[in-house]
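This report refers to the structure that appears directly beneath it.
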Amino acid sequence: MESFTGYIKTPQDALIIFEACRKGLLQRVKRRLTSKERTEIRSGSVFAWDEREAGMRRWTDGRTWSPSRVLGSFLTYRELDTKRRPRKPSMAIPGMKQVVFSYKPNGLIKQSFSICTASNQKLHLISYYKKADIISGHLKRPSDDPLLNKLEIPKGQYPEINPLDIGGGHTASIHSLQYYNPTRQNSTDSSIISASPSLTSSPWSSDEEYYYNNNNNNNNNTNELQEPELIPFPPIRSLPAQDVAWEKLPWSEDHRQLSALYHELRI
């Protein structure tokens, strides 16, 4: 069911996966994972799919994840330990509610990446890895795979990306709007449909939605993220224009001294 086994380090790696799937060298995911397939997700699992072909945009893996972080072109998540109690915050910030959770020891890291091609295909990619496997070099990148590293990415088919982008070069504003304002998701989706290829927001996971809804319904407000309330400044009131005689305007010290000398000389 996996499209590839390895590590997606850059957007170029993701494009190689998409192009390999387009040419039939790799297989795209065409349905949701079964319960058994979800349990088989491991470090190095990479899944790619066409939103229309698979009939899904939300990715479901049955795990609980931390809030997303934007890392260049990718959204990254860390697996949470649901069996442990959330740790207490070391210090509270006045006016803000704290987000506290426990990471799963030796848990997975998930990253997501999405694009809209020139032919209006919405392609998504989800990959999983562990830091230890990256450090040890256990997972290989698509650009290091002998079967894939000679693939040429056709110009104009995919969005232009920065070749020096390590971990992505994605605009964070789209992610921020969707993460904090889920009600605007539909409008964002419609805005990415265009004739030219573009980077789009990464797919939301139904597990993320479940996690956030649980937090919002929890009586303990420490699991909710809320921005501090902004107090507007009072309106600026301008003074009405007044007619002031020229001789009554304030003078500098030099003008005062010259005026005094002028009067003394006249006397």
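Since every read-out is calculated from the coordinates, none of them should be taken as a lab result. Since this is a predicted model, take the numbers as computed values, not measurements. FYI the Cβ positions are ideal-geometry reconstructions off the backbone, even for glycines, and counts take in every protein chain you see.
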Sequence order, segment 11-24: Karplus ³J(HN,Hα) from phi using 6.51 cos²θ - 1.76 cosθ + 1.60, θ = phi - 60°, Hz rounded, Gly and Pro as x, gives x, 4, 4, 5, 5, 4, 5, 4, 5, 5, 5, 5, 8, x
Cα-based shape type of segment 1-62, given that a ≥ b ≥ c are square roots of the gyration tensor eigenvalues and the cut on a/c is 1.5: oblate
Listed highest first by mean packing, meaning other Cβ atoms within 10 Å per residue, what order do 70-81, 21-32, 142-153, 4-15 come in? 4-15, 70-81, 21-32, 142-153
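Using a Förster radius of 25 Å, what is the FRET efficiency between Arg52 and Glu160 based on their Cβ-Cβ separation? Nearest 0.05, please. Mind dumping the intermediate values first?
Working: r = 23 Å, r/R0 = 0.93.
The calculated FRET efficiency here is 0.60.
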With labels modelled as points extended 7 Å from the Cα through the Cβ direction, what inter-label distance (nm, one decimal) is found for Ser259 paired with Met1? 9.0
